[in-house]
Amino acid sequence: MRGCKRSSVRGCALALGLALLLSAASSQAESTPITHGTLELIAEDQWITPGHTLYLGLHFELEKEWHIYWVNPGDSGEPPRVDWKLPPGVTVGAIEWPTPRRLETPSIVDFGYENSVTLIVPMYPDASLATQLVEFGAALKLLVCSREMCIPGKALLSLALPVKTQPALPDPQTAHLFATTRKSLPVPMPGSWKVKVAETNDFFLLMANIGHPITQAVFFAVAESQISNAAPQKLVPTGSGFQLTLMKSDQLLKPIPRLKGVLALSTDRAYLIDVPVSKARSSSGTP
């Protein structure tokens with residue numbers, strides 16, 4: 001399939017033909033080929049217990065130097081989009097996104113995943129679910145990119161699981177994938193932390209008192225066009241935390257009341273940040 005240059009990926013994604021990839025419904029799902037990788041719909045448990053949350057996973061295995069995108073893709077690209085086909089009595093929750101990586105080229109910075117990644121999706125079966133077999137269907141639109149080009153595609157996945165009344169047992173074939181992914185999920189910041197965000201005309205200053213100094217931190221904004229993705233994030237360690245200067249995006253045209261995102265620290269742990277934005281004492285220059 002033809003690809004498109006990274007600089008024009010959003011426009012040419014609409015123009016290119018999309019590959020349609022199919023997988024058969026099975027309690028033991030098979031990997032579906034996608035451009036420069038494979039995709040599989042997996043379950044954490046061996047069966048469904050009515051009234052108890054079931055976790056499914058969209059597991060990507062990507063060829064070297066190819067990647068997919070986080071919920072905020074950065075300067076280019078699009079995250080995977082999923083349209084679920086669910087039976088009566090089952091509802092779906094939001095995708096749980098692992099902490100992304102900065103994917104840098106000389107001109108742009110994107111946020112996403114290389115090599116292997118699993119996107120966890122909770123499913124909520126009703127307590128009254130009485131069918132003996134449940135089939136989940138997922139229609140995905142995705143963009144797989146290298147540093148030079150992107151290729152859009154589609155995938156149709158399905159997975160069938162039995163329904164039993166007894167507590168579900170983990171599937172030994174998939175347990176390690178869910179365990180690895182949960183280690184990379186951002187968690188709520190501790191209640192003892194004191195985090196503030198002040199803004200000037202050009203910058204946000206994220207100030208954190210967490211009880212000890214930090215020498216490495218990267219902030220990923222959930223919303224697009226708030227932070228300049230390619231601009232350096234200046235870190236100043238303090239005795240009890242750090243200050244992180246974030247350049248505003250030139251596409252940010254109006255004030256934002258809160259700054260929301262993921263803060264990845266040198267401790268190899270990432271935290272969910274959602275704090276109000278206040279005016280800095282100085283309205284110009286670097287805070």
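The values are calculated or read from the model by the stated rules, or taken from the named source; none is laboratory data. What you see is a predicted model, and the numbers here were worked out from it, not measured in a lab. As a convention, Cβ positions derive from the backbone with ideal geometry for all residues, glycine included, and neighbour counts pool all protein chains shown. What goes into the accessible areas is simple: the full protein's heavy atoms, side chains included, and nothing from ligands, DNA or RNA. Shrake-Rupley method; radii C 1.70, N 1.55, O 1.52, S 1.80 Å.
Counting only Cβ charges, +1 for Lys and Arg and -1 for Asp and Glu, the dipole size of region 169-287 around its Cα centre is about 340 debye.
In debye, nearest 20, what is the charge dipole magnitude of the chain about its Cα centre with +1 on Lys and Arg Cβ and -1 on Asp and Glu Cβ, if you could check?
Values: 25 positive and 24 negative charges, 197 e Å.
Roughly 940 debye for the chain.
The mean sequence distance of close C-alpha pairs (under 8 Å, at least 6 residues apart), as a share of the length of the chain, puts its relative contact order at 19 percent. Shape index of region 193-253: Rg/Rh, with Rg the Cα radius of gyration and Rh the Kirkwood radius from the inverse mean 1/r over Cα pairs, equals 0.98. So what's the gap between the Cα centers of region 172-225 and region 72-102, to the nearest angstrom? So the two Cα centres are separated by 19 Å.
Along the charge dipole of the chain, pointing to its positive end and built from +1/-1 on Cβ of Lys, Arg, Asp and Glu, which listed residue (272, 66, 243) has its Cα farthest out? Result: 243, furthest along the dipole toward the positive end.
Taking each DSSP H run with n ≥ 4 as -39500 (n - 2.57) and averaging over every residue of the chain yields -1500 deg cm²/dmol at 222 nm.
Sorting the segments 33-44, 76-87, 245-256 by their mean number of nearby beta carbons within 10 angstrom, highest to lowest, gives 33-44, 76-87, 245-256. Here the label points at residue 202 and residue 250, each 7 Å from Cα along the C-beta direction, are separated by 1.3 nm in the simple model. Placing dummy labels 7 Å off each Cα toward the beta-carbon, the span from residue 124 to residue 147 is 4.4 nm.
Could you report the chain's accessible area per residue, 1.4 Å probe, as an integer in Å²? Write down the numbers at each step before the final one.
Numbers: 14390 Å² over 287 residues.
With all protein chains present, the chain gives 50 Å² per residue.
Carbon-plus-sulfur fraction of the accessible area of the chain, 1.4 Å probe, in percent?
Answer for the chain is 54 percent, counting heavy atoms of protein chains only.
Counting alpha carbon pairs within less than 8 Å and at least 6 residues apart, what relative contact order, in whole percent, applies to region 24-143? Don't jump to the answer; show the numbers that get you there.
Details: 241 pairs, mean separation 39.2, N = 120.
Relative contact order here is 33 percent.
Taking 0.36 nm per residue of separation and subtracting the Cα-Cα distance, full extension of the segment from residue 179 to residue 224 would add 13.3 nm.
Residue 87 sits among other residues whose Cβ lies under 12 Å from its own Cβ, and their net charge, with Lys and Arg +1 and Asp and Glu -1, is -1.
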